[in-house]
Amino acid sequence: MAVNIKIYNTLSRKKEPINPRQAGHIQLYVCGITSYDYCHIGHARSALVFDMVVRYLRYRGFKVTFVRNFTDIDDKIIARAAEHNVSSDELARRFIDEFYTDMDALGVLRPDVEPKATEHIQEMIELIQELIDKGLAYPSGGDVYFRVDRFPDYGMLSGRNLEDMQAGARIEINDKKEHPMDFVLWKGSKPGEPFWQSPWGEGRPGWHIECSAMSRKYLGANFDIHGGGKDLIFPHHENEIAQSMGANEEPFANLWMHHGFVTIKDEKMSKSLGNFLTIRDVLREYPAEVLRLFLFSTQYRNPLDFSEAALQDAQSGLDRMYDCLAAIDDLAEVDTTETGQSIIGKKNRKKLASLQHRFEDAMDNDFNTAQGIGLLFDAVKALNSVTRMLPDTPLAGDLELVLQAGTDLRELAGLLGVLQQNPRQYIERKKQLLLDAIDLSSEEIEALIAQRNEARDKKDWTESDRVRDELLAHNIELHDGSEGTSWVVR
């Protein structure tokens, strides 16, 4: 397969080509949510980044097996369930359902496998026992801990060394541990907590072990790509590597992808800081495609600062894209001629003809959606310029290029989950939503436009300007063209 997609590998700290273990088949594991609350925009970025990755890899001809887990037992879940006087299982199931509601609203494709931690307790117990048998883990007081000093490569992903970690960490005194940095694989149960039976007594798995056990079950000991947010690099992914490589005695994930944070005024968005917006908060005000366009306007590894102004810019950009497609759709049935001079200049012709290739080049370079979106807007600008100049009976070759570029625009934007609606329906729906927010009906607007046109015919510019200003006061902006006067809501 002559496709050369490069990904920045957190492990090697450089871009590397994807070389699947199985030719043409990419295995991807992504850490999913801890299901104890509604999802915020940071969760949306994670879901949409890997939704885009899977869509693009499949577009480029790869078979993709995509696994994303649910953490449905955890200290946060137990604490929140106690607050609401429900079982941890009931709370986790509720917020998994809420997660699906949000993902469906965003148009996120479902992974191939979505394992839950509580359904894989036996696999985790078996993996923990393997680590104990190899001397890499030890039971202590009902818990089981991983010996970090027995894994020489501990810190390989985060670039930290054990001595510096220990010196810089605020570590609670724990007499059960042999080493302060040892991490828990199995937690003995406390009174009132959910538990499972194990060789070490009643308890539940630690957070880190679940992904090692579930990725091994569904993808094998060694697979192609492991993904998540940058906040997971340490300790979660670092500990996954230690557990998995320690037990399996072979490399774990070959490539590690980590997306940047969503920030508000340059501060990470998080539930603990209380500075987050839920996905449904945003979708009450903006369509899902606007949120997608906003999130993909920055390359996935970089931080992304959330603001109302940025969402409004994304809304305006999406409107321009749909306006462009609507104009192209209007050209689909026009008559053409085989003779005459092309009206498409060399520069615009090259932009439109090479759009697909240039977009692929951007995306092959570590999924650079920011550059890809820039190319799409550049194509929209060129298409708008060309469609305005097309004569009533355009040259067949010119029309063919415009229609093909419109098809390319739809397909490539679709890899980002954008431009998935009928353009005319989108425009009419948007106009109706805007009309609902003003105090004039479309009939009243059209009547005022007719009044203005009558004044213009009489060269009564004072009256014409008065009507125009009256409409502007209601946020109605007029555009005079060769086919008459159109209007938009500002």
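None of the figures in this text is laboratory data; all of them are computed from the coordinates on show. Just so it is clear, the structure is predicted and the values come from calculations on it, not from any experiment. Positions of Cβ are backbone-derived with ideal geometry, glycine not excepted, and every protein chain shown enters the neighbour counts.
With θ set to phi - 60° and the Karplus curve 6.51 cos²θ - 1.76 cosθ + 1.60, what are the ³J(HN,Hα) couplings of the stretch 139-149 in order, to the nearest whole Hz, using x for Gly and Pro?
x, 7, x, x, 9, 10, 10, 8, 7, 5, 7
Amide H to amide H, which residues 5 or more places from ASP224 or on other chains are under 5 Å from it, using H placed in the peptide plane?
Close amide H contacts, sequence-distant or interchain: GLN27, ASN254.
To test your reading of the geometry: what angle, between 0 and 90 degrees and rounded to tens, separates the Cα axis of helix 41-59 from the longest principal axis of the chain?
Helix 41-59 sits roughly 80 degrees off the main axis of the chain.
Please report how far the C-alpha centroid of the stretch 13-56 lies from that of the stretch 370-419, rounded to the nearest whole angstrom.
The stretch 13-56 and the stretch 370-419 have Cα centres spaced 30 Å from each other.
Tell me, what does the Kirkwood hydrodynamic radius of the stretch 38-96 come to in angstroms if you use every pair of distinct C-alpha atoms?
13.7 Å
Quick one: Karplus J couplings for the stretch 67-81, per residue in order, coefficients 6.51, -1.76, 1.60, θ = phi - 60°, nearest Hz, x for Gly and Pro?
For the stretch 67-81, the Karplus curve yields 10, 9, 8, 10, 8, 10, 9, 5, 4, 5, 5, 4, 5, 5, 4 Hz.
Report Rg (one decimal) and Dmax (nearest whole number) for the chain, counting Cα atoms only, units Å.
So, for the chain, Rg and Dmax equal 28.1, 96 Å respectively.
For the stretch 438-489, what is the relative contact order in percent, using Cα pairs closer than 8 Å and at least 6 residues apart in sequence?
28 percent
Between rounded, prolate and oblate, where does the stretch 128-244 land on the alpha carbon gyration tensor, with a ≥ b ≥ c its root eigenvalues, rounded for a/c under 1.5, else prolate if a/b exceeds b/c?
Oblate, because a/c is 1.5 or more while a/b does not exceed b/c.
Provide the gained length on full extension for the span GLN425 to ALA447, in nm with one decimal, where the gain is 0.36 nm per separating residue minus the Cα-Cα distance.
5.6 nm
GLU16's amide H: which non-local residues (gap 5+, or another chain) put their own amide H closer than 5 Å, with H modeled 1.01 Å from N in plane and none for Pro or chain starts?
Correct list: ILE7, TYR8, ASN9.
Extending each Cα 7 Å along its Cβ direction at ALA310 and ASP480, get the distance between those two points in nm, one decimal.
Once both label points are built, they end up 4.1 nm from each other.
Please list the equivalent ellipsoid semi-axes of the stretch 339-490, computed as the square roots of five times the alpha-carbon gyration tensor eigenvalues, in descending order and whole angstrom.
One finds semi-axes of 37, 22, 12 Å for the stretch 339-490.
Along its three principal axes, how long is the stretch 6-283 when you only count alpha carbons? Whole Å, largest extent first please.
50, 46, 37
For the stretch 244-358, what class follows from the C-alpha gyration tensor (a ≥ b ≥ c being the square roots of its eigenvalues): rounded when a/c is under 1.5, otherwise prolate if a/b is larger than b/c, else oblate?
oblate
How far is it, in nm, from the label point at ALA332 to the one at LYS217 when both lie 7 Å from their Cα along the line to the Cβ?
4.7 nm
Go through the stretch 123-128 residue by residue and turn each phi into a ³J(HN,Hα) via Karplus (6.51, -1.76, 1.60, θ = phi - 60°); whole Hz please, and just put x for glycine and proline.
Along the stretch 123-128, the couplings run 4, 5, 4, 5, 5, 4 Hz.
In debye, nearest 20, what is the charge dipole magnitude of the chain about its Cα centre with +1 on Lys and Arg Cβ and -1 on Asp and Glu Cβ, if you could check?
Roughly 1260 debye, rounded to the nearest 20.
Once amide H atoms are placed 1.01 Å from N in the peptide plane, what residues at a sequence separation of 5 or more from ILE264, or on another chain, have their amide H within under 5 Å of its amide H?
MET269, PHE306
Among 77-83, 470-476, 239-245, how do they line up by average Cβ neighbours within 10 Å per residue, starting with the highest?
Ranked from most to least packed, the peptides come out as 239-245, 77-83, 470-476.
Taking the Cα centre of each part, how many Å lie between the stretch 218-287 and the stretch 433-481?
Using only Cα atoms to place each centre, the spacing works out to 52 Å.
Over the stretch 6-283, calculate the relative contact order: mean separation of alpha carbon pairs under 8 Å at least 6 apart, over the residue count, as a percent.
Relative contact order here is 24 percent.
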